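Notes for the one structure printed next.
The values are calculated or read from the model by the stated rules, or taken from the named source; none is laboratory data. Everything quoted here is computed from the prediction, not taken from an experiment. All Cβ positions, glycine included, derive from the backbone under ideal geometry; neighbour counts span all protein chains shown. Quick note on the areas: whole protein, heavy atoms, side chains included, nothing else; ligands and nucleic acids left out. Shrake-Rupley method; radii C 1.70, N 1.55, O 1.52, S 1.80 Å.
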Amino acid sequence: MITLVKGFHDILPEESSRWSFVTESARWCLKKYGYREIITPIMEKTELFVRGIGQVTDIVEKEMYTFQDLGGESLSLRPEATAGILRSVVEHSLLRKEPVLKLFTIGPMFRRERPSKGRFRQFFQLNAEALGDDDPFIDAETIACACSILESIGAKGLLVEVNSVGCKTCRNVYRVELKKYLEKHLDGLCQDCQRRLNTNPLRSLDCKAHGCSEIVKSAPLIVDYLDEPCREHFSGVRRGLDLLNISYHLEPRMVRGLDYYSRTAFEIIDTDLGNTKAVGGGGRYDTLLAELGGPEVSGIGFAIGIERLLMGLRDEDERFARNVDIYVAALGEPCRETCHMLVDFLRKNGFTVETRYSSYSLKSHMKQADRVGAQKTIIVGSDELENQSVTVRDMSTRNQAIVPMDDILTFLRGDGD
Ligand code: AMP
């Protein structure tokens, strides 16, 4: 048997209705907030991610699926969607037509992380990006949109954590101070953080190693180093959240794992999931578009992990029950052709219909009808065939009615009991 690649997973038929429910609810929310769908490839030139996400990040250093194609070009499976979306925006000059552009995409991302509960190497994300507006209220709106997606699928106990990671100017000052502090605790840092101390000390702030997380508890905080414009922007974001009645928690150590964030950064944790893993997160990026060859336009975006969302949905929720309107049971060979046509006729008239061509006994048909969750079963035996009628059985009440074949649509549409 050839099995799945480690950390990859199948979405089996019993999960797919929950899957569609989540993605459809999300699509509907995003539309309400003015986002339009964009679908970009799952593979891009490696350089895009190196430039976009940052060379000295866990994602680029350790987690990308990178290979040389037969033409010798270095390609990577996308570890996140923002870089690809922005590449597309720049390549097709989309901002020229629409200076404020709101885009979303839903699709698989690939990161070679250590697999664990809720952590995969291929996982699905919903990504939303709002470009061309740097008003703090759009940051608040973005956070509201992420929350509304989560709430639309019934997530409760959401915890919104926000921070400002400042702009390049204030971060440069902060970086020096943070480095000074970390140098004093060098021995306690993991090897990665020691190595990254000169290139990217901010990474220590979200390092998972126990020693590092203890050390950063007393590290200087970026919020204390924000310059005036960044401080003002952050207070505007908080005002925007207050006006929308979104409760949040200030998390001054949150920097998120990607280098491109500036100013607002946020994460959303679903405390009902019983762990501290975030279901979504995002932030503002002020220079990313320009770094990718585009105009000097800022943006804010977020990503929500679909698998993490699904973890919060209960299996027994009846919205995900298999739903078939009608099961057609042909009792014996002579009824086969009539039923074959009847199934087709009902489907063409808008009903979801199931049948089993190779079953003939009433008992086995009924078992199948129950298994697929049919609301009604239409039984056609030799008596029905002779009288040009069918027997319709309501599967919940078990009441039966004999209906002339010609009246079947009227009967079914009128709910005929
Ligand atoms: P990030 O792109 O790292 O900010 O992640 C955004 C969201 O994507 C997280 O909050 C998770 O819900 C989801 N996510 C990130 N990495 C993984 C993973 N390896 N497996 C499953 N979901 C993930």
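For the structure I just gave you, tell me whether residue 106 is open to solvent by less than 10 Å² (accessible area, probe 1.4 Å) and either within 16 Å of residue 41 (Cβ to Cβ) or touching a Pro at 6+ places or on another chain (Cβ under 9 Å) (or both). No: the conditions fail for residue 106.
Say we look at the stretch 55-77 and pick out the residues that are among the charged types (D, E, K, R) and more than 14 Å from the ligand (Cβ to nearest atom); which of these is most open to solvent (accessible area, probe 1.4 Å)? Looking at the filtered set, the residue picked out is 73. Selection of the stretch 357-408 for residues being in contact (Cβ under 8 Å) with a residue 24 or more places away in the chain and charged (D, E, K, R) yields 370, 376, 384.
Look through the stretch 292-349, keep the residues that are of a type in the set (A, V, I, L, M, F, W, C) and assigned to a loop (DSSP other than H, G, I, E, B), and return whichever of them is nearest to the ligand (Cβ to nearest atom).
Our first condition is that a residue be of a type in the set (A, V, I, L, M, F, W, C); within the stretch 292-349, this holds for 292, 297, 300, 302-304, 306, 309-311, 313, 320-321, 324, 326, 328-331, 335, 339, 341-343, 345-346.
Then keep just the ones that are assigned to a loop (DSSP other than H, G, I, E, B); that gives 292, 297, 313, 321, 331.
Values: 292: 17, 297: 21, 313: 14, 321: 26, 331: 49 Å.
That would be 313.
Within the stretch 350-380, the only residue that satisfies the criterion of being part of a loop (DSSP other than H, G, I, E, B), modelled with pLDDT of 95 or more and among the polar types (S, T, N, Q) is 352.
Name every residue in the stretch 114-131 that is open to solvent by 10 Å² or more (accessible area, probe 1.4 Å) and either away from the ligand (no atom under 16 Å from the Cβ) or assigned to a strand (DSSP E or B) (or both), in order of residue number. Result: 116, 119, 122, 123, 124, 125.
How do the pairs read when you match residues in the stretch 161-179 that are farther than 20 Å from residue 288 by Cα and not assigned by TED's automatic domain parsing to the domain that holds residue 253 with residues anywhere that are open to solvent by 30 Å² or more (accessible area, probe 1.4 Å) and at pLDDT below 90, using Cβ under 9 Å and keeping only pairs 6 or more apart or on different chains? Hits for this filter: 179/198. Cβ-Cβ distances below 7 Å connect the following pairs, each with a first residue in the stretch 47-66 that is under 20 Å from residue 194 (Cβ atoms), a second residue that is of a type in the set (Phe, Trp, Tyr), and a separation of six or more residues or different chains: 54/260; 60/49.
Note on the stretch 78-113: residues that are within 13 Å of the ligand (Cβ to nearest atom) and either part of a loop (DSSP other than H, G, I, E, B) or more than 26 Å from residue 142 (Cα to Cα) (or both) total 7. Of all residue pairs spaced 6 or more apart or on separate chains, those with beta-carbon atoms under 7 Å, a first member in the stretch 248-268 that is under 19 Å from residue 169 (Cβ atoms) and more than 11 Å from the ligand (Cβ to nearest atom) and a second member that is assigned to a loop (DSSP other than H, G, I, E, B) and of a type in the set (A, V, I, L, M) are 252/221; 255/165; 262/165; 263/165. Condition test on residue 153, is it at pLDDT below 95 and either more than 24 Å from residue 28 (Cα to Cα) or hydrophobic (A, V, I, L, M, F, W, C) (or both)? It is true that residue 153 is at pLDDT below 95 and either more than 24 Å from residue 28 (Cα to Cα) or hydrophobic (A, V, I, L, M, F, W, C) (or both).
When residues in the stretch 1-18 are screened for being surrounded by 11 or more Cβ atoms within 10 Å (Cβ to Cβ) and within 14 Å of the ligand (Cβ to nearest atom), 4 of them pass. Filtering 347, 371, 393 for residues that are under 27 Å from residue 14 (Cβ atoms) and crowded, with 17+ Cβ neighbours inside 10 Å leaves a single hit, 393.
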